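Accompanying notes for the structure given below.
The values are calculated or read from the model by the stated rules, or taken from the named source; none is laboratory data. Keep in mind that what you see is a predicted model, and the values were worked out from it rather than measured. Neighbour counts run over all protein chains shown; Cβ positions are idealised from the backbone, glycine included. Each accessible area value is taken on the protein alone, full model and side chains, heavy atoms only, with ligands, DNA and RNA left out. Shrake-Rupley method; radii C 1.70, N 1.55, O 1.52, S 1.80 Å.
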Amino acid sequence: MVASRKQSSAPPSETTGLRGHVSETGRLQLPAELRRAVGLERGGPVRLEIVDGSIRIQTMKDVKEHIRALARDSGLTDKASVADFLNWREKERQQETGEADDA
């Protein structure tokens, strides 16, 4: 009797080992179930980094969400904008050139 393997629809856990492949040209193939589990789509931008000897791959969407969360947590979202920066820089320029004293 041969037991059939039923494919699980659950995403792979962090401890599940899946097999990929590196071609002779250096391209890395990741299994579709792994890509789906972490939200990687074909042609989408990713951020790659080495962490403790392992390669970390993040979608740019996740990176942007993380940066926004850091800004929110720091309270900068209410204070930091391009307009605020330009106003600050204009005041700094006026101080550097002495224009602020003349006004």
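Solvent-accessible area assigned to carbon and sulfur over segment 28-94 amounts to 54 percent, based on a 1.4 Å probe.
Between Glu96 and Leu18, the simple label model (points 7 Å from Cα in the Cβ direction) yields a spacing of 5.1 nm.
A full extension of the chain between Ser74 and Leu48 corresponds to an added length of 6.8 nm, given 0.36 nm per residue minus the alpha carbon distance.
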